[in-house]
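Below is a structure I'd like to ask you about.
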Amino acid sequence: MAKKVEKTKAIEIPAINKKHCQIRIIGKTPIIVHRFSEKIQRQILDKMEKKAKQAKPAKDPEQEYRDSLYWLGKDGNMVLPNGDPDKHKYGFGMPSRAFKKAMISACRSIEGVNMTLARNAFHIMNEFTPLLNHNFKTFARPHKRTEPLRIQRTSMDIRSRGEFTEWAAILSIEYNANVITAEQIMNLVNVAGFGVGVGEDRPDKTGGIQGMYEVA
């Protein structure tokens, strides 16, 4: 008796439908930035290479503050800290991946939304997103925030970081319209701004209220 051969269903892959949108957000609470400075990277590398420990230098709050910021040049890329933040002729920003990670994390609170699918459905363009004033025309300016922080469970430290009390941003987003719509992206930005946030002491990290935002 001849064996029945089942027909294989052809796989159809639709052409990608790439679209672009810009979403303006307004910070509802201050954003605290804490860049991974070259000094800390060097210390970690020295430890991995088992180099002899150097004497710990005296704490310099002003330098620590400057190192915590993401300094942006006129091309929108990061430059090394240079001078007084209040007199810097360019601006400051946040890594764009911070906003995308917030949106992906927000999918946990939305029933039926797959995080992996959402991660592949859109990208926030450019490595850094400038932090602006509420007029969306001029760069936001930071100030130094110094406060005690708990390190692990048994020790404390005093940290100086950059804080933007008034801030806004324009998220430049490219997305696959076969998977997600511009309206869904806007709603996801709002959910992320309320429940996740960006920067230090954000709702999703410590249960704080810093770095919250909403669609303008």
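Name the residue that is modelled with the lowest pLDDT, counting only residues in segment 75-94 that are under 15 Å from TRP167 (Cβ atoms) and of a type in the set (Gly, Ala, Ser).
So, considering only residues that are under 15 Å from TRP167 (Cβ atoms) and of a type in the set (Gly, Ala, Ser), the one modelled with the lowest pLDDT is GLY91.
Scan segment 181-205 for residues that are over 30 Å from LYS144 (Cα atoms) and crowded, with 19+ Cβ neighbours inside 10 Å and report the count.
Count: 2.
Now, a different point. Sort out which residues of segment 202-216 are under 16 Å from LEU188 (Cβ atoms) and in contact with a Pro (Cβ under 8 Å, 6 or more places away or on another chain), and write them in order of number.
Residue satisfying the conditions is MET212 alone.
Inspect all residues belonging to segment 131-141 and state whether any of them is among the basic types (Lys, Arg) and under 24 Å from ILE26 (Cβ atoms).
Checking segment 131-141: at least one residue is among the basic types (Lys, Arg) and under 24 Å from ILE26 (Cβ atoms).
So which residues in segment 179-201 are free of Cβ contacts under 8 Å to residues at least 40 places away in the same chain and either in contact with a Cys (Cβ under 8 Å, 6 or more places away or on another chain) or closer than 20 Å to LEU131 by Cα (or both)?
ASN190, PHE194
Between ARG97, ARG66, which is buried (at least 22 other Cβ atoms within 10 Å of the Cβ) and part of a helix (DSSP H, G or I)?
Matching residue, one of ARG97, ARG66: ARG66.
Residues in segment 151-167 that are surrounded by fewer than 20 Cβ atoms within 10 Å (Cβ to Cβ) and either modelled with pLDDT of 95 or more or out of contact with any strand residue (DSSP E or B) (no Cβ under 6 Å at 6 or more places or on another chain) (or both): how many?
6
Further, regarding this structure: Has segment 161-173 got at least one residue that is without any contact (Cβ under 8 Å) to a residue 40 or more places away in the chain and touching a helix residue (DSSP H, G or I) at 6+ places or on another chain (Cβ under 7 Å)?
Looking through segment 161-173, none of the residues is without any contact (Cβ under 8 Å) to a residue 40 or more places away in the chain and touching a helix residue (DSSP H, G or I) at 6+ places or on another chain (Cβ under 7 Å).
The values are calculated or read from the model by the stated rules, or taken from the named source; none is laboratory data. If you're wondering where the values come from, they're calculated on a predicted model, not measured in any experiment. Glycine gets a Cβ as well: all are built from the backbone with ideal geometry, and neighbour counts include every protein chain shown.
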